[in-house]
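Structure record follows, encoded as structure tokens.
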Amino acid sequence: MAAADDASRPFAGLSDVSISGDISVEGDISVPVGSSRRDDEYSTLDEPVKETILRDLRAVGNKFIHVLYPKRSSALLRDWDLWGPLLLCVTLALLLQGGAADSDDQGGPQFAEVFVIIWFGSIIITLNSKLLGGTISFFQSLCVLGYCIMPLTVAMAVCRIVLIGGSGTVSFAVRLVVVTASFGWSTFASTAFLGDSQPANRKALVVYPVFLFYFVIGWMILTFSPSQ
Amino acid sequence: MATPDDLQFQEFEEAAELLSADPEASTLSLSASDNSARAGGGGGGSEDVKLDLSDDEEGQEESSELLGGQKPSGGFWTFEYYESFFNVDTVQVLDRVKGSVLPLPGRNFIKHYIRSNPDLYGPFWICVTLVFSVAISGNLSTFISKMGDPSYHYRPQFHRVTIAAVVIFMYAWLVPIGLWGFLTWRQGTERQIGGYSFLETVCVYGYSLFIYIPTSVLWIIPFEWLRWTLIVVAMVISGSVLVLTFWPVVREDTKVMAVATVATIVVLHTLLAIGCKMYFFQTAVHAPTPAAPTTPAIHMTLTPGPH
């Protein structure tokens with residue numbers, strides 16, 4: 001009885017009408033799609049642009065927080081997105097510019113080199129883990145690897161600030177500590193997410209490329225030397 | 001009177017039984033002419049005997065299980081095909097790495113460690129690690145050797161990574177292609193003891209490069225005599241892995257060809273090691289510490305180039 005009432009709520013106006021052969025019935029019959037009752041959830045086309053952007057930004061920010069406190073959670077895995085990795089990659093590549101003798105080929109990595117290393121490296125690591133029999137999907141793995149670059153990007157920002165103060169031995173020591181800590185954090189965070197998707201006898205084979213990947217990025221950050 | 005097909009099939013079983021009893025025995029690999037149809041890099045090792053004369057499908061599958069051959073399933077455009085090349089565990093990879101740094105005269109690397117389960121994990125990641133270790137160590141050694149020079153400004157020299165990657169990957173993939181093609185061509189004319197498949201050749205070359213990773217890290221230490229000692233040791237170890245692997249295959253050939261082949265392998269390997277050392281680990285030309293006091297003006301005008 002209750003189900004019938006629920007089902008007939010859209011037709012509430014018609015429940016009192018007795019239908020005989022000649023009476024014409026007027027009105028709109030709207031059939032609900034699925035189980036949702038509210039139409040405005042589906043017409044995201046009508047919402048203000050600010051809300052659309054904020055929703056995505058909130059999702060990205062939520063994942064950043066999950067990287068900061070890496071515990072086994074499905075937020076990164078289930079609702080993957082690649083906005084965060086793109087944002088982090090571009091930020092890191094931009095921060096690595098302006099180094100010593102950019103035009104000279106003796107300098108640090110170019111923007112394109114950083115981009116290629118991060119994305120191509122992530123793709124290769126993902127392929128590697130899938131070929132070794134991992135159960136994680138391609139884009140989920142890209143998402144995790146990209147988001148876990150966040151500690152290294154923060155370290156890069158800190159390094160640039162430290163370098164403003166000078167580039168002597170003390171600043172190098174500080175930068176070394178910061179980069180090492182963030183490299184360890186990145187590796188730990190990503191293996192927390194990726195490690196469970198591998199059979200136990202191959203876990204080290206999957207973790208090692210991730211370690212190498214973040215090591216290379218950490219090296220690029222540490223060797224950034226400002227132009228004088 | 002048994003039909004010729006039955007006779008062939010019985011021989012096949014006997015060979016399979018003999019082989020399963022003694023896996024170390026050398027086998028004759030009759031690769032059927034449709035090997036070329038399977039896209040390059042196919043198939044297991046020398047124990048994978050395929051006799052298309054037998055109509056008995058069951059017999060063939062059974063024998064390949066007995067022989068432990070790894071057949072890549074699917075065509076080369078499917079994912080499963082490449083999955084079969086990553087069918088290794090951590091323990092196996094570590095075992096193979098250990099075998100590449102401790103070559104013993106009796107042990108053929110392929111027969112002993114790879115045993116018709118060649119993998120691409122080892123060669124690929126060893127090459128990648130070697131690329132970065134050579135580039136990073138070279139950069140560090142340049143920095144250390146120029147540390148005393150007041151006009152030296154540290155440069156990351158990131159272009160070296162690109163160069164190292166090109167050189168090492170070309171060596172690790174083109175040389176095995178050439179060597180495998182050459183050996184297959186030589187054997188094609190003489191039906192010798194089974195040669196190695198393409199993947200096994202790539203595997204041996206990849207694992208033999210492993211010794212250069214710790215060597216390149218140790219090259220940071222700025223003593224020339226130490227660097228040359230290390231390079232000789234590394235070349236001896238990894239060269240002997242290659243020679244021990246390829247000598248049994250080549251030795252049935254004419255003496256001249258056998259020696260020439262092995263010599264080419266060793267020479268190419270040497271060129272790689274020495275080339276890496278010369279390019280990435282250039283020794284600084286140390287200005288002799290002056291006994292007589294020199295004016296500071298001289299130091300200022302000495303502007304060393306980017307190298």
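Throughout, read-outs are computed from the coordinates displayed, never taken from laboratory work. The model shown is predicted, which means the values in this text are computed figures rather than measured ones. Quick reminder, even Gly has a Cβ in these numbers, built from the backbone with ideal geometry, and neighbours come from all protein chains shown.
Points worth noting:
- Using R0 = 35 Å, the C-beta based FRET efficiency linking residue B:185 and residue B:91 works out to 0.45.
- Charge tally in the Cβ shell below 13 Å around residue B:280, where Lys, Arg are +1 and Asp, Glu are -1, residue B:280 excluded: +3
- Cut-off under 5 Å, modelled amide H: who pairs with residue A:82 long-range: none
- In sequence order, region B:78-84 has phi-based couplings of 9, 5, 5, 4, 7, 5, 5 Hz under the Karplus curve 6.51 cos²θ - 1.76 cosθ + 1.60, θ = phi - 60°, and Gly or Pro positions carry x.
- From phi via Karplus (6.51, -1.76, 1.60), per-residue ³J(HN,Hα) for region B:249-259 in Hz, x at Gly/Pro: 7, 8, 5, 6, 6, 5, 3, 5, 5, 4, 5
- Exercise: per-residue mean of other protein chain Cβ atoms within 10 Å, B:147-160: 5
- Working note: Karplus 6.51/-1.76/1.60 with θ = phi - 60° gives region B:199-213 the couplings 5, 5, 5, 4, 4, 4, 5, x, 5, 5, 7, 4, 4, 6, 5 Hz, where Gly and Pro are set to x.
- If you take all other residues with their beta carbon under 9 Å from the beta carbon of residue B:219, and give Lys and Arg +1 and Asp and Glu -1, the sum is +2.
- Difference of contour (0.36 nm per residue) and Cα-Cα distance, residue B:225 to residue B:266: 12.5 nm
- Shielding by partners - mean other protein chain Cβ count within 10 Å, residues of A:200-211: 4
- Shielding of peptide B:178-186 by partners, expressed as the average count of other chain Cβ atoms within 10 Å per residue Cβ, is 0.
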